[in-house]
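The values are calculated or read from the model by the stated rules, or taken from the named source; none is laboratory data. Bear in mind the structure is a predicted one, so any value in this text is a computation, not a measurement. Ideal geometry is used to build each Cβ from the backbone, glycine not excepted, and the neighbour counts take in all protein chains shown.
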Ligand SMILES: [Zn+2]
């Protein structure tokens with residue numbers, strides 16, 4: 001029952017390791033970066049690093065703490081993420097912990113798992129269970145670590161103010177022996193009161209070599225054989241854009257890439273009718289999740305253009321791509337608010353057309 005071997009992310013691992021050695025690791029962290037880049041796996045590595053008591057350099061990989069951590073079964077490394085609602089509308093802490101024991105068991109069967117479906121959420125009962133657990137002393141290690149994956153999926157309603165308040169307090173002042181690590185591919189969608197209480201670290205896309213290493217993991221190969229991606233490793237590497245986990249989003253990510261390409265084509269072709277069609281294709285307010293993913297895909301495509309332009313020494317092309325990236329960022333900002341995706345898209349296409357000309 002293992003976690004997937006962690007490949008890449010050397011630089012951010014060194015930074016975290018250095019902060020730990022200096023006793024300067026913040027109590028609450030946010031790892032932000034593209035979907036499927038391995039943020040939760042990295043957070044779990046940090047957990048292992050913090051509980052390891054073996055020989056330096058840590059994590060040693062062989063002490064009892066490391067072995068439990070790598071199996072996804074260390075009692076002081078707690079892993080929460082979006083889940084379907086439990087049948088009971090007000091589940092007890094025990095019910096929540098049982099649900100997560102099962103869910104983590106599912107994820108650590110092979111260590112490979114797809115992003116959660118859009119309807120899954122981090123429920124206030126989960127936050128309550130996490131805050132309760134963090135108030136207790138660690139069971140086995142000197143520290144406990146709380147990983148909250150896809151933290152932007154936190155649902156807070158007014159009647160849950162009390163639990164939200166407890167969570168904010170936990171983030172602001174974690175117990176001395178606890179470290180809280182949130183991860184998000186949409187940090188813009190995080191509640192501002194949460195964002196202001198965590199130290200954010202950017203997790204960049206993996207290098208091509210690290211992507212290849214992830215894609216070569218047997219569990220990854222098996223999972224990919226079940227989804228609709230091209231079988232050749234180099235094709236997969238190209239589609240992954242440095243975030244191999246995104247390939248597991250079954251049709252979703254590939255669909256988003258296809259939508260992003262059609263948006264880019266519509267903007268480049270200066271074809272108003274095509275632009276109208278592309279805007280309407282983004283759906284209404286209910287399609288917000290898919291729309292955000294399409295904007296992420298657009299960012300990746302534009303980064304690719306920018307990189308290609310730089311490699312060819314095409315400075316004008318690189319400047320244009322950078323300008324287009326800014327426009328997409330503006331659109332993402334709007335998308336976190338209450339604006340209709342179709343409106344955002346038609347405005348974005350108009351501005352992209354002008355920028356790409
Ligand atoms: Zn160890």
Residue 244 passes all but one of the listed conditions (1) modelled with pLDDT under 80; (2) crowded, with 18+ Cβ neighbours inside 10 Å; the exception is number (1)
Exception for residue 108 within (1) more than 16 Å from the ligand (Cβ to nearest atom); (2) free of Cβ contacts under 8 Å to residues at least 40 places away in the same chain falls at (2)
What number of residues in the stretch 326-355 are over 18 Å from residue 189 (Cβ atoms) and outside any helix (DSSP H, G or I)? 0
The stretch 40-63, subset in contact (Cβ under 8 Å) with a residue 60 or more places away in the chain and more than 19 Å from the chain's Cα centre (by Cα), residue farthest from the ligand (Cβ to nearest atom): 50
Look through 84, 59 and report the one residue that is under 24 Å from residue 202 (Cα atoms) and either in contact with a helix residue (DSSP H, G or I) (Cβ under 6 Å, 6 or more places away or on another chain) or exposed (fewer than 15 other Cβ atoms within 10 Å of the Cβ) (or both). 59
